[in-house]
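The values are calculated or read from the model by the stated rules, or taken from the named source; none is laboratory data. The structure presented is a predicted model; accordingly, all values stated were derived computationally and were not measured. Note that we place each Cβ from the backbone using ideal geometry, even for glycine, and neighbour counts take in every protein chain shown.
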Amino acid sequence: MSTNLEAFQALLARMREEFLAELPRRCDRLDELILTLEKDPGNHESFDELYRGVHSLKGSGGTHGLSIITTLCHQLENHLTETDAKHGFGAAFASRALAYVDLLRQVENIARQNNPNYSAIEADLEALRQEGLQSRKTGLIAESSPMMAALYQQALGHMPLKLTLVDNGLTALERLLHEHYDFVIVGREVRELNGIAMIVALRSSQVGNQNIPAVLVSSKLGSVPDHAGFSATIARDKNLADSLVAAVQAMVAV
Amino acid sequence: MTTLQRILYVEDEADIQAVAKLALEMVGGFTVKICSSGEEAMREAVAFAPEMILLDVMMPGMDGPTTLAALRTLPSLLTVPVAFMTAKVQPQEVAHYKSLGALDVIAKPFDPMTLADKVRSIWKA
């Protein structure tokens, strides 16, 4: 190996060591920002600094050959992105974000070992990822029109939701009777069983989803029976996407 | 064909700037100028007269694509080859960056040992 390459590798190793030595200070700052956001969810400056800090660590970690930092920060970035300032910040948000930062701190010592073994961090990371998936609200969409279904999914795509799409009313009712959902969105005209009949049937059942909030999307807003108990009825007009987002935000915030 | 010598690298992260500069200068033998933002690149690029430009995509203020569009308004930089550097390297993302006028995309994080060769091969293409 040429002297130049050896010198280059020595410099890279020194820069990596400096990065690791600085990691605790950067983690301290992330902790401070997370705690600030827990107390003051609308603090956009703190959120922006937190996001930039995590993104910066992601890039720098990868550049120094610490792919575990890239993976970890990528997951934390997703957690931040999925968190909505209107209802996402709070103790649960902070607790998970702080758990990610704790894992980041552990990287420093392990990375200095001869054969770094990150398996414990990776296992904790996977557990945090699963926890995040489980904490997502789940919604069922019953809509026979592929175009409308795509519109719903696009409108709600930025929210931390797990959505299931069904194009048949009977299938939708069957799933509502057997699987847990936090809310349901139905079109008025759905194949096999229309949206209103589906929700009336659900309300008369004795299952766990019996009283979950439901939204009806329809071009005809009149003549919806009260006993169907819709949380909202939304017109199929130019404001549909905004109305749907507002209705779902209200439902998942309950 | 002339050889590539002068590279302008626009990147806001200090760590990545340092590693890339070392890699391009020590391994590749290039002369590298670092700018920390698109705005700084607009001020410095013409005087530096780069033969190749590397642009980070995600930067505060002017991002990579905006910087590219701005640099292309400067007559002396109209045809200078540009590559984006980004972690977003799905085929449709690469196609998008090429449609903006980039010659290619370098995946981040990059390998410091092979970065110079990668840049040289893009420039020769």
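Structure notes:
- Unique match (being assigned by TED's automatic domain parsing to the domain that holds A:N109 and more than 19 Å from B:A23 (Cβ to Cβ)) among A:T70, A:T36: A:T36
- Some residue of segment A:119-137 being surrounded by 13 or more Cβ atoms within 10 Å (Cβ to Cβ) and in contact with a strand residue (DSSP E or B) (Cβ under 8 Å, 6 or more places away or on another chain): yes
For every residue, the table says whether it meets (1) farther than 15 Å from A:A142 by Cβ; (2) modelled with pLDDT under 90.
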residue	(1), (2)
A:L170	no, no
A:L173	no, no
A:L176	no, no
A:V184	no, no
A:I196	no, no
A:G222	yes, yes
A:L240	yes, no
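- The set of residues in segment B:23-44 that are of a type in the set (G, A, S), within 28 Å of A:D48 (Cβ to Cβ) and crowded, with 21+ Cβ neighbours inside 10 Å comprises B:G38, B:A41.
- Residue satisfying condition, being on the phi > 0 side of the Ramachandran plot and either touching a residue at least 60 places away in the same chain (Cβ under 8 Å) or acidic (D, E) (or both), within set B:G61, B:G29: B:G29
- Being in contact (Cβ under 8 Å) with a residue 12 or more places away in the chain and surrounded by fewer than 20 Cβ atoms within 10 Å (Cβ to Cβ) is a property that A:A250 has.
- The listed residues are A:T83, A:T63, and the only one of them that is within 14 Å of another protein chain (Cβ to nearest Cβ), among the hydroxyl-bearing types (S, T, Y) and either under 30 Å from A:Q249 (Cβ atoms) or free of Cβ contacts under 8 Å to residues at least 24 places away in the same chain (or both) turns out to be A:T63.
Residues are listed down the side, and each one gets a yes or a no for (1) farther than 21 Å from B:T2 by Cα; (2) loosely packed, with under 14 Cβ neighbours inside 10 Å:
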site	(1), (2)
B:S76	no, yes
B:A83	no, no
B:P91	yes, yes
B:T114	yes, yes
B:K118	no, no
